[in-house]
Amino acid sequence: MSKLFFSALISLVFFASCSGSKKKKAEQHMIFRYNELGVVSSLDPAAASNFENIWAVNQLFNGLVQMDDSILVRPCIARSWEISDDRLKYTFHLRNDVFFHDHTVFPEGKGRKVTAADFEYSFERLFNKSVSKAADLLEYFNRNESDGLKGFYALNDSTFVVQVKKAFPAFLGILTMKFFSVVPKEIVEYYKSDFGRNPVGTGPFSFKVWKEGQKLLFIKNEKYFEKEGDHKLPYLDAVSVSFIRDRESAWLDFLKDNVDMISGFDAFNAKEVLTSAGELKNIYKNRFVLQSQPFLKTDYLGFLMDDKTLDQKPNPFRTKALRQAINFGIDREEMIKYLRNNIGTAAVNGFVPHGLPGYDNNEVIGYSYNPEKAKQLMYLAGFQDGKGLPEMTLSTTKQYLDLAEHIRFQLSQIGLKILINVIEDGSFREGVANSKMNFFRKSWVGDFPDPINFLALFYSRNFAPNGSNYTHFKNQHFDDLYDKAIYEQNDTLRRNYYYEMERIIVEEAPVVPLYHDRVIRLVQNNVTGLTVNAMNMLNLKTVKKID
């Protein structure tokens, strides 16, 4: 791709007006455009812990393995692998046709071939807490630095070995996460802490421009190694990401065909676009396509379980009956019907979402709406009609304000006084990650398709800020079951451990599971090859745009 094309492409994406002649010129190239309502904070795969980062990073980087649309593990940079009989050693054989993106730091500016040593460096980097957000996942590696055990090593240029402490059936799924992407040492060390703003990977697209809060531009990687049949991937010339934060403005941009996709229930007015059954209204059926399917995602309210609140006062959420009362006091079915246009499933069977292979949510009985039971529990907690309870602050972000208002009203019916604190996305995310909020609305998206990924939020060794246990829940019996479950090879026994762990979460109620979401995307009807999956991963390498 020529420098002249790069220059023209950037001008088209960033500076072209909506005039007819310029728009027609832009369509000569296949540029896929999507709007991101959230914030992309880094393009470093080691920091790919939030959904917005993951989508962008997925276009730029690859790992040893990848997840397909049936959420099965498939080869990627590793063309094949063997697992030892005791399932403690994974030996990956790398492809010999994978190259990093071109960069001036490389000799002659040409990206070099990926070797096993690059994976060794990339994995080692994840143990640097100032760089990595992968803390919860690193416990699986058989690592003991005093004995010289790293948990992984390059056997030769094309063979990479990973060693785990104990056999864990879902380990390959963990390696599909973007954290475990390969990065080039010389580029990382050149940019140091700015690598996340100057990423170099192996993916179907390479980084070109980041105009913060306005645009991201990725361009086609002409040397990408994957094919679809006999056709080299990707088909697109570029990917352009806009950051229109106002939902109505983003929707108008989509209607004008200025973007090819908007994603998420909060990206548009569902009552205007969808029927009560969650289908496209007739007026829109010939204009664009609705992609929808169950999403491995749980939205919930979390209670900080420390003895004291953040202002060092006695924590009322330490009282289990109060937490249970709040669970009984919220009508999840009504919330789905009136606030979400029947998009999603009420979380009345625990925290783990529907759709995980082999997992039966009917084995766990959660909380259904029962205001009388909630009032009884308030009385048992010593807070009849809310007497003796201070006003409680529920922290959320702007896009969930209507949900928070609904929750505030419902909880007022059982005597609770709720103040809503709306926080900017980045500050909210940081506050939750560091357990700096007493009561908050949050969601958890599955990183790999196993219930343990959701149950890890309640494991005491994952206490925030070093892990994803944002509530600081601690229960020894739960921890014991967790330790057994992650290494149990018998599927039936492992599932039974999971069910028992979920029942503990229901009983102790450190969270209020609200609903399990659906993937929702609106896509222009000239876009083909855009697949959808239960992980809601955005894969653009097979996407085309037709006239």
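Values quoted throughout were computed directly from the atomic coordinates according to the rules given, and no laboratory measurement underlies them. In this text the structure is predicted, and so the values were computed from the model without any measurement. Every residue, glycine as well, gets a Cβ built from its backbone with ideal geometry; the counts of neighbours run over all protein chains shown.
Brief remarks on what is shown
- Three-way shape call for segment 341-441 based on the alpha-carbon gyration tensor, with the a/c threshold at 1.5: oblate
- Excluding the site residues themselves, the longest part of the chain lacking any trypsin sites (Lys or Arg not before Pro) in a DSSP loop with at most 10 other Cβ atoms within 10 Å is 1-255.
- Of every Cα-Cα pair in segment 124-244, the percent that sits beyond 20 Å: 59
- Segment 339-410 and segment 232-251 have Cα centres separated by 35 Å.
- Three-way shape call for segment 395-534 based on the alpha-carbon gyration tensor, with the a/c threshold at 1.5: oblate
- Taking Cα atoms only, the orientation of helix 491-508 departs from the longest principal axis of the chain by about 50 degrees.
- Inter-part distance where segment 33-71 and segment 263-331 are each reduced to a Cα centre, Å: 22
- Rg/Rh ratio calculated on Cα atoms of segment 295-518 (Kirkwood radius): 0.94
- Segment 295-518, dipole about Cα centre (Lys/Arg Cβ +1, Asp/Glu Cβ -1), debye to the nearest 20: 520
- Among Asn421, Val432, Phe168 - extreme Cα towards positive end, dipole of the chain, charges at beta-carbon: Asn421
- Shape category assigned to segment 322-379 from the gyration tensor of Cα positions, a/c cut at 1.5: oblate
- Per residue, the convex hull spanned by the alpha carbons of segment 45-192 comes to 128 Å³.
- For segment 65-107, the extents of the C-alpha atoms along the principal axes are 44, 26, 15 Å, listed from largest to smallest.
- Of every Cα-Cα pair in segment 193-244, the percent that sits beyond 19 Å: 34
- Couplings 3J(HN,Hα) for segment 133-138, derived from phi with the Karplus relation 6.51 cos²θ - 1.76 cosθ + 1.60 (θ = phi - 60°), are 10, 9, 3, 4, 8, 7 Hz, where x marks Gly and Pro.
- Normalised by 2.2 N^0.38 Å, where N is the number of residues, the alpha-carbon radius of gyration of the chain equals 1.00.
- For segment 157-229, the list of GluC sites (Glu not before Pro) that fall in a loop by DSSP and count at most 14 other C-beta atoms within 10 angstrom reads Glu212, Glu222.
- Tilt relative to the chain, helix 371-380 - C-alpha long axis, 0 to 90 degrees, to 10: 70
- Rounded to the nearest 20 debye, dipole of segment 251-301 from Cβ charges on Lys, Arg, Asp, Glu: 180
- Positive-end ranking of Val519, Phe92, Phe207 along the dipole of the chain, with charges on Cβ about the Cα centre, is headed by Phe207.
- Rounded to the nearest 20 debye, dipole of the chain from Cβ charges on Lys, Arg, Asp, Glu: 1180
- Mean separation of Cα contacts under 8 Å (6+ apart) over length of the chain, as relative contact order %: 18
- Cα long-axis angle, helix 476-485 against the chain (0 to 90 degrees, to the nearest 10): 40
- Restricted to Cα atoms, segment 181-310 shows a radius of gyration and a Dmax of 20.3, 62 angstrom.
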